[in-house]
Every structure is written in structure tokens, then in C-alpha cells.
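So the structure is just underneath, and the comments pick up after that.
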Amino acid sequence: MNPAEHPSFQAVLATVRGKVQNYLDKSDEVIAEVARTAPVGVSERMTKLIARKGKKIRSTILSLIATSSSEPADESRIAHACAGIELLHLASLVHDDIIDETTMRRGERTAHVEWGNKVAVLIGDYILSQAMCSVINEKSREIPLTLSTAANSLIVGEILELDNAGDMNLSRSKYNAIIEGKTAALVEASAKIGAIIAGFDAQRIEACGKLGAHFGLAFQIIDDLLDYGIGATNLDKAKFTDISNGLVTLPLIYYFESVSAEEKTELQNLLKRAAEPGVPEEICKRLETAGAFEKAKETAMQHIADAMEIADSLPMTEHIESLKTFLYSMTERGN
Ligand code: FPP
Ligand code: MG
């Protein structure tokens, strides 16, 4: 593959984000105002957290869909919806980093490393509450409902993941339920909210939700591959956190499905020693040889293809073309 012909995920994201930059900037202003006007103890910390810019994948998808109908786009409405999505995402990451005990996020020290678990939990709670407040004046009741339903799914997905941590026999269906909850639900909500703002009918809103869910599933499967360093370029977080935390993701599920009982036991023993130097690399070697990474990548690609098929059924505006380019670029994601 010639890299010149296939711009990186980051490059495509930057271009596509540029198409809806005004909405994202306005959303940043809404978020900055929330942080600025927060009480002492929260304001400074939240300001620090929001200065660490994320990729804004979810609000880009929301804005692209929201501006893809013939209805005139309402900048403030889109900006507040994006703020709700980004704040919910940020709150979940603050909590996730406590749960996963990770020390780096967006290239910086995580909130709990900086301020301790107790304060970080509460900062996450404040941000979650403000996510819901961002859409409180929304004229469609469906939008706050969709956002809070997504929050519930994130929590349930995360609990399911914890309840199954260390289960070496995790099934594919359970893995899917985990990633549907912890990741796909928020992208689904973003696409759905975009579709509601666009004024689409119920069937199309549902289809956009599915598009977001497929994209979210692909995103998480690729994230799980990046955790092994597979396809990674300039990764801004630590590798091998999943195996260190006893989390079984798709490559391991495919590996266990394809090898003998002895090989399975050998790998389980290696996983118990995942913290020792050289062991994660040995685990990677075995998964690579068994084609487990390749198979997980193919599953991610299938979800992208399913999302693309739905995108093809939407009104083919410039922004939906951009959305399609972006969906496709996920196949090149390296961080
Ligand atoms: C990242 O997964 C985690 C999530 C996307 C969701 C986390 C959800 C919660 C902690 C529960 C909900 C919390 C709130 C405040 C609603 P990962 O650990 O696989 O990815 P990573 O490598 O980026 O950490
Ligand atoms: Mg994590």
C-alpha cells in the first residue's frame, strides 16, 4: 500500500474535522464556560483536563450528520449537543483511567495520578453532570434521553468488562456486549443525535444510530489491537494495559478458538506473567503467528463496511461524503 495514496487516519480526521470546525469551536466555548464557571476545586482541574485536546471523533460525526439535511443548521444546538457528547466522553475517560490504573492519557498524566483517586472520581462526576446540563434546554426530548441512555450503556458495559476480567473463556458475544456498551453506545448516540438535529425521520435516525454503532465497534476493536501495538504509530498511551489487567479482547478470543488445549494453557500461563519483561512480546508473537490479529482486523473492517453501507443510504451531501471518507480512514488508524 502506498502511504501517499492512503492518507493517515489522523490526516483524514483533521481534514474532515475542518469541515465542521465552527461547530466544534463553539462546542469548545460551551465546555470552557462550564469549566470557567465551576466552583473552586473543580474549575482549575477541569480547565486543565479540557486543555488536553482529544480527537473529537464523536462530535465530528454528530456535526457532519446534523448538517447533512436541507434544514438550516442551528449552530448553538449542534454545539451544545457536541459539548454534551464530549463531556460525557471525558467523564468516562477520567473514571476509566482510575479503573484501569493507567498513568497516561492524551499524552499527559491521568487525572487520578495528578490529584488522587478520590478527587478524580468527583471531577468525573461533575463533568458527567455537566454533560447532561449541556442539553437541558434542547427542544427535542429525545436528545437528553439519548445522551443519558448512552451514559447508562457505558456504565453497564464497563461493569460487564470488570465482571468478566480474567475470564480466559470469554465468549465473542460477551466481548461484543462489552464493547457495544463501553464504546459503541456513545458513537451511536452521537450519530443519532446528529440525525435528530438534521430532522430525519425515525427510520433514518435509527439507521444513523446503527452506522455509529458499527463505527464504534470497529474503533474499539482497533483500539484493542493498538493495545498490543498492532498497527500503532505515535501511540499516546501505554501498551499492554489489557493483558496486564486480565482483559480478554478479540485477538485472544480468536487465538483460543483456533489453538490446541496445550497451546491455550501455555498462553494462559504467559498471561499470568504479563508484567514480566519480554512476556507481552512473546504473547504477541504467538497471536501473530496464529493469525489472531489479522482476524480481529478483518472483523473491524466488516463493521466499517456495514457503516459505509448505511452511509450510502443517506442524502449524498458534501458532509456525508466527508463522513464516508472518515469511516474508511479508520482502516488506517495508528493511534
Ligand atoms: C475506554 O476503554 C473506556 C471507555 C470508552 C468507557 C469507560 C466507561 C466508564 C468508566 C463508565 C461510565 C462512566 C461515566 C462517567 C458515564 P479502554 O479502557 O479499552 O480504552 P483506553 O485504552 O482508551 O483506556
Ligand atoms: Mg482504559
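Any chance you could get the radius of gyration and Dmax over the Cα atoms of the stretch 1-139, in Å?
16.3, 52
What base-10 log of the normalised intensity I(q)/I(0) is obtained for the chain from the Debye formula, alpha carbons as equal point scatterers, at q = 0.09, 0.10, 0.12 Å⁻¹?
Log-scaled intensity ratios, in q order: -0.47, -0.59, -0.85.
For a protection proxy built on the mean count of beta-carbon atoms within 10 angstrom, sort 70-76, 324-330 highest first, please. All intermediate terms of the calculation are to be shown ahead of the outcome.
Numbers: 70-76: 12.4, 324-330: 19.3.
Packing proxy ranking, top to bottom: 324-330, 70-76.
Out of the GluC sites (Glu not before Pro) in the stretch 1-70, which ones are loop residues according to DSSP with at most 14 other C-beta atoms within 10 Å?
Working: sites: Glu5, Glu29, Glu33, Glu44; in loops: Glu5.
Sites meeting the loop and neighbour criteria: Glu5.
Less than 12 Å Cβ to Cβ from Lys55, Lys/Arg counted +1 and Asp/Glu -1: what total charge do the surrounding residues give?
Charge balance near Lys55 sits at +4.
Starting from the Kirkwood Rh over alpha-carbon pairs, what translational D in µm² s⁻¹ does the stretch 112-185 have by Stokes-Einstein at 25 °C and 0.890 mPa s?
On the way: Rh = 14.2 Å.
In µm²/s, the coefficient rounds to 173.
Hey, rough spin-label estimate for Ser140 and Glu262, points 7 angstrom out along Cα→Cβ, what's it come to in nanometres?
5.9
Can you give the angle from 0 to 90° between the axis of helix 9-19 and the longest principal axis of the chain, with both taken from C-alpha atoms, to the nearest 10?
Roughly 10 degrees between the two axes.
Which residues' amide hydrogens lie under 5 Å from the amide hydrogen of Arg105, considering only partners 5 or more residues apart or on another chain, with H built in the peptide plane?
Thr110
Which value at 222 nm does the chain reach when only helices count, each DSSP H run of 4 or more adding -39,500 (n - 2.57), with the total divided by all residues and rounded to the nearest 500 deg cm²/dmol? Before the final figure, lay out each step's value.
Numbers: 17 runs with 234 residues, N = 335.
Helix-only estimate at 222 nm: -22500 deg cm²/dmol.
Which value, in Å to one decimal place, does the Kirkwood hydrodynamic radius take for the stretch 158-298 when every pair of different Cα atoms is included? Kindly include the intermediate steps, with their values, before the conclusion.
Numbers: mean 1/r = 0.0617 Å⁻¹.
So the Kirkwood estimate lands at 16.2 Å.
Straight-line reach from Lys285: which aspartates and glutamates have a Cα under 19 Å away, not including same-chain ones fewer than 8 places off?
Qualifying aspartates and glutamates at Cα under 19 Å: Asp223, Asp224, Asp227, Asp242, Glu257, Glu262, Glu263, Glu266, Glu276, Glu294, Glu298.
So what are the three principal axis dimensions of the stretch 228-322 from its Cα atoms, in whole Å, longest to shortest?
Largest first, the stretch 228-322 extends 53, 32, 20 Å along its Cα principal axes.
Quick check: the angle from helix 292-312's long axis to the longest principal axis of the chain, C-alpha only, nearest 10 degrees?
20
Quote the charge dipole size of the chain about the Cα centre in Debye, to the nearest 20; the model charges only the Cβ of Lys and Arg (+1) and of Asp and Glu (-1).
Details: 35 positive and 48 negative charges, 127 e Å.
Roughly 620 debye, rounded to the nearest 20.
Going by alpha carbons, how many degrees (0 to 90, nearest 10) lie between the helix axis of 57-66 and the longest principal axis of the chain?
Long axis of 57-66 versus the principal axis of the chain: about 40 degrees.
Kirkwood hydrodynamic radius, computed over distinct alpha-carbon pairs, for the stretch 5-67: how many Å, to one decimal? Don't jump to the answer; show the numbers that get you there.
Working: mean 1/r = 0.0765 Å⁻¹.
The answer is 13.1 Å.
Rule-based calculations on the coordinates, nothing more; no lab input. Quantities reported herein were computed from a predicted structural model and do not represent experimental measurements. Quick reminder, even Gly has a Cβ in these numbers, built from the backbone with ideal geometry, and neighbours come from all protein chains shown.
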